[in-house]
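J.: First, the structure itself, so that you have it in front of you.
The values are calculated or read from the model by the stated rules, or taken from the named source; none is laboratory data. This one's a predicted model, so the numbers in the text were calculated from it and none came from an experiment. Because the Cβ atoms are built from the backbone with ideal geometry, glycine has one as well, and the counts that use them run over all protein chains shown. Side chains included, ligands, DNA and RNA excluded: accessible areas come from the protein's heavy atoms. Shrake-Rupley method; radii C 1.70, N 1.55, O 1.52, S 1.80 Å.
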Amino acid sequence: MKPAYKALHTDQELFAAAVTQAKVDVIMSMNSIYSIVVNSGGSIEKFTPEAVKINGGFYFRDRFEFRAKV
């Protein structure tokens, strides 16, 4: 069974999500079992090599995972 989301890792994936205004969740992994949704269903406003801006908040790319709903 396919997951209901696609993890966004590369600049190209983030760019495609920004252009299509895909709804993106920001996930913080606590450990291998638990994860917390920090921001749910926002559009990417801006991204840099270090961070992604979603709904007015900046999230570091090395600390969070970004998932687009499919």
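J.: List every residue pair whose Cβ atoms lie under 6 Å apart, where the two residues are 6 or more positions apart in sequence or sit on different chains, the first residue falls within region 16-42 and is under 14 Å from Y59 (Cβ atoms), and the second residue, located anywhere, is open to solvent by less than 80 Å² (accessible area, probe 1.4 Å) and in a loop (DSSP other than H, G, I, E, B).
T.: V26/F64; M28/F64
J.: Additional query: Taking region 26-58 on its own, how many of its residues are under 13 Å from H9 (Cα atoms) and either out of contact with any Asp or Glu (no Cβ under 8 Å at 6 or more places or on another chain) or in a loop (DSSP other than H, G, I, E, B) (or both)? Steps first, answer last, please.
T.: Our first condition is that a residue be under 13 Å from H9 (Cα atoms); within region 26-58, this holds for 26-27, 47-52.
In the following step, the residues that additionally are either out of contact with any Asp or Glu (no Cβ under 8 Å at 6 or more places or on another chain) or in a loop (DSSP other than H, G, I, E, B) (or both) were identified as 48-52.
So the count comes out to 5.
J.: Would you check if M28 is of a type outside the set (G, A, S), modelled with pLDDT under 95 and exposed (fewer than 14 other Cβ atoms within 10 Å of the Cβ)? So that I can check it myself, show each step before the final result.
T.: Numbers: of a type outside the set (G, A, S): yes; modelled with pLDDT under 95: yes; exposed (fewer than 14 other Cβ atoms within 10 Å of the Cβ): no.
Taking the combined requirement at face value, the residue does not satisfy it.
J.: When only residues in region 45-70 that are surrounded by fewer than 12 Cβ atoms within 10 Å (Cβ to Cβ) and hydrophobic (A, V, I, L, M, F, W, C) count, which is farthest from I27 (Cα to Cα)?
T.: The qualifying residue farthest from I27 (Cα to Cα) is V70.
J.: Could you list all residues from region 1-25 that are in contact with a helix residue (DSSP H, G or I) (Cβ under 9 Å, 6 or more places away or on another chain) and either over 16 Å from K53 (Cβ atoms) or modelled with pLDDT under 85 (or both)?
T.: Within region 1-25, K6, A7 qualify.
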